[in-house]
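Structure, as structure tokens:
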Amino acid sequence: MGHSAGAVHVAGYVSHPEFYKAKGGGVAGAIMLSGIYDLTATTARRSRTRLFRRQRLTLRRTISLQGLLTTKIPLMVAAAELDPPGFVKQFDLLKEAACKRASGCAHAMLLPQHNHMSEVYSINTADDRLTNEILDFVKTAK
């Protein structure tokens, strides 16, 4: 599964506590890279259609920006500077809205000089900018 699809599944789970099998979802935090969190808010229709052709109806029911904003689970959200515009818009949407949560802002990062794929490929390389942010999030849960 690509990292966008992974972010979608993580966001879907975190945003719907009715699916939790353990208290608090059974997770200490959620990290989402270059995801789509609100299917109605992006103009990247072609990308959205390709990514979610088979799952579109299911995702409308399971992905919820509102659910992400009410969760108590710490969130880390990242996107790449050179992501397609729809992904950057989704990042901005979640980042800005999350700051209005009772639990505070999400740990957010726009990774400079990276594209939609190189972002995740940078993990475990000499380019440790994303890795350092992930480690900070894991250590602090903020």
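For TYR20, the solvent-accessible surface with a 1.4 Å probe is about 50 Å², rounded to the nearest 10.
Were the residues from ASP92 through ALA41 laid out at 0.36 nm apart, the gain over their Cα-Cα distance would be 17.3 nm. The solvent-accessible area of ILE31, taken with every protein chain present and a 1.4 Å probe, is close to 60 Å². Beyond 19 Å between alpha-carbons counts as too far, so tell me which of LYS95/LYS142; LYS21/LYS100; LYS72/LYS100; LYS23/LYS72; LYS21/LYS142; LYS21/LYS139 fall in that bin. From LYS95/LYS142; LYS21/LYS100; LYS72/LYS100; LYS23/LYS72; LYS21/LYS142; LYS21/LYS139, over 19 Å: LYS21/LYS100; LYS21/LYS142; LYS21/LYS139.
Computed over the stretch 99-142, the convex hull of the alpha-carbon atoms projects to a mean area of 3.6 nm².
The values are calculated or read from the model by the stated rules, or taken from the named source; none is laboratory data. It should be emphasised that the depicted structure is a prediction, and the values quoted were computed from it without experimental measurement. Note: accessible area is taken over every heavy atom of the protein model, side chains too, but ligands, DNA and RNA are not part of it. Shrake-Rupley method; radii C 1.70, N 1.55, O 1.52, S 1.80 Å.
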